[in-house]
């Protein structure tokens, strides 16, 4: 689904929203990202995971002080911060010559990225990369995949 098709209208119809995580096409990978804020916290966490047919390829998480997920804007993040490293990596990836689709999915279809974002908040992680998921995430990864 193309980005402009999702965000060029004033509202989103249910047909544009994915309700469950689905694997990408054969030979492709899928990047899922999420932001999260816990109640009574002044920190927003971000989590991203790259998977192919359900297999973990890479994950990362970051957190930044903010009163709301909506308060976080890229221009407000200091260039020298850990978050800027994540943003710069994403910007470089977007320059790669590949086919890309952007779609909006429900939180229950993005549980692994949501768990990474919450992990960043709970453990005060400024920025971290994981080549392998930790044990608690393995269940979500397996449970996420639609047979």
*How would you order 32-43, 88-99, 132-143 from highest to lowest mean count of nearby Cβ atoms within 10 Å?*
32-43, 132-143, 88-99
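Work out, step by step, the length gained on full extension between residue 139 and residue 20: first 0.36 nm times the residue separation, then minus their alpha carbon distance; give nm to one decimal.
Value of the extension gain: 41.3 nm.
Based on the mean of other Cβ atoms within 10 Å per residue, sort peptides 109-116, 124-131, 54-61 so the most packed one is first.
So the order, starting with the most tightly packed, is 109-116, 54-61, 124-131.
All of the numbers you see were taken from the coordinates with simple rules; none came from a lab. Nothing here was measured: the structure is a model prediction, and the numbers come from that model. No Cβ is skipped: glycine too gets one built from the backbone with ideal geometry, and neighbour counts run over all protein chains shown.
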